[in-house]
1. If the Cβ limit is 8 Å and pairs must be 6+ apart or interchain, which residue in region 118-140 that is on the phi > 0 side of the Ramachandran plot and assigned to a loop (DSSP other than H, G, I, E, B) pairs with which residue that is at pLDDT 95 or above and not small (Gly, Ala, Ser)?
2. Of everything in region 1-33, what is within 12 Å of the chain's Cα centre (by Cα) and within 17 Å of residue 79 (Cβ to Cβ)? Give them in sequence order.
3. Hey, can you tell me all the residues within region 95-128 that are of a type in the set (Val, Ile, Thr) and either within 14 Å of the ligand (Cβ to nearest atom) or touching a Lys or Arg at 6+ places or on another chain (Cβ under 6 Å) (or both)?
4. Can you name the residue in region 149-169 that is at pLDDT 95 or above and over 16 Å from the mean Cα position of the chain (by Cα) and, of all such residues, is surrounded by the fewest Cβ atoms within 10 Å (Cβ to Cβ)?
5. How do the pairs read when you match residues in region 181-210 that are on the phi < 0 side of the Ramachandran plot with residues anywhere that are modelled with pLDDT under 95 and among the basic types (Lys, Arg), using Cβ under 8 Å and keeping only pairs 6 or more apart or on different chains?
6. Kindly evaluate residue 139 against the criterion of being surrounded by 22 or more Cβ atoms within 10 Å (Cβ to Cβ) and not hydrophobic (A, V, I, L, M, F, W, C).
7. If residue 202 passes every condition in (1) over 30 Å from residue 30 (Cα atoms); (2) within 15 Å of the ligand (Cβ to nearest atom) but one, which one does it miss?
8. Please verify whether region 189-198 includes one or more residues that are in a helix (DSSP H, G or I), under 19 Å from residue 248 (Cβ atoms) and within 12 Å of the ligand (Cβ to nearest atom).
Amino acid sequence: MDLLNQKIIVTGAARGMGAATVRAYVKAGATVYAMDIANDAGAQMTENANKLGPGTAHYMPVDVAERESVERAFATAYQQMGGLDVLAHPAAIQRSSDASTVTEQEWDDMFTVNVRGTMTTNQIAAKHMQTGAGGSIINFGSISGQRAEPSAVAYSAAKGAVHSWTRSAAASWGQYNIRVNAILPAMATPMYLEARERSSAAQNEAAYWLNHHSIALGQQYGDPDADLGPVMVFFASAASRFITGQLIPVDGGQTNVR
Ligand SMILES: NC(=O)c1ccc[n+]([C@@H]2O[C@H](COP(=O)([O-])OP(=O)(O)OC[C@H]3O[C@@H](n4cnc5c(N)ncnc54)[C@H](O)[C@@H]3O)[C@@H](O)[C@H]2O)c1
């Protein structure tokens, strides 16, 4: 499952699962364009990832909410690498909201970054992949898109939309040998820690019973490098060549997709 000569774009690469994905791909020998809006953190992460070799990482700013930004960054990466084989797309935002008070602005922010950003990045990547032998697109869904989420209604709705999009894009682009899957993770990342910090002790107690207790493998969120990185390598490699349109929980058993 090595990724020698693979040309890869990773969004949301400055921290969390995006950063772990870049490290896994560099270790597997790929050429990686790491992209984010957090430019200082992204550049620092890339410098550190390059020490892991044999692959290489390059940092490039992108705002996945802006089509022009994605067009420009992906076209540059495509030209510099001489092709595109894989898009890993973890970039997203998470906010709390409830059904009675969620505002149009909060709703639009969530859908602009998480849903439209998925459509835009996937569409532009697929256009580049069609000039080669196809490719693999790895989106990020969530257990929140599978179940009721009364404290994060907009995030839940947006992730449900990412799941539907992933199925439809896979059906559309199979003819070009482009695979589209979505990871549903449970990983200890800054997003996860920030959500805990925003919550009261009572909310965190409730979250333990809702989110941690059902993780069969140890009742704890996973480590992005140890528990997600190898899965990202698998979905970037030819070992997963006959898997598309799937929602894949990488969550120690927290949820079941049926
Ligand atoms: N952490 C979890 O357990 C968990 C659970 C379910 C789903 N997810 C999903 O997994 C993915 C990765 O989550 P994470 O925990 O690593 O998040 P994170 O917040 O730690 O990292 C997300 C990255 O995306 C970047 N980003 C945000 N908006 C952007 C934009 N407009 N353009 C470019 N980059 C942007 C951020 O700067 C950040 O570096 C997300 O899609 C998230 O919704 C996470």
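1. Within 8 Å, the pairs are 134/176; 134/177; 134/178; 134/179.
2. 9
3. 112, 113, 115, 118, 120, 121, 124
4. Only one residue tops the list, namely 168.
5. If the second residue must be modelled with pLDDT under 95 and among the basic types (Lys, Arg), the pairs left are 204/196; 207/196.
6. On the way: surrounded by 22 or more Cβ atoms within 10 Å (Cβ to Cβ): yes; not hydrophobic (A, V, I, L, M, F, W, C): yes.
Spelling it out, residue 139 is indeed surrounded by 22 or more Cβ atoms within 10 Å (Cβ to Cβ) and not hydrophobic (A, V, I, L, M, F, W, C).
7. Only one criterion in (1) over 30 Å from residue 30 (Cα atoms); (2) within 15 Å of the ligand (Cβ to nearest atom) is unmet by residue 202, namely (2).
8. For region 189-198, residues in a helix (DSSP H, G or I), under 19 Å from residue 248 (Cβ atoms) and within 12 Å of the ligand (Cβ to nearest atom): present.
The values are calculated or read from the model by the stated rules, or taken from the named source; none is laboratory data. Please read these numbers as outputs of a predicted model, since none were measured by experiment. A quick note on method: Cβ atoms are made from the backbone with ideal geometry, for glycine too, and the neighbour counts reach across all protein chains shown.
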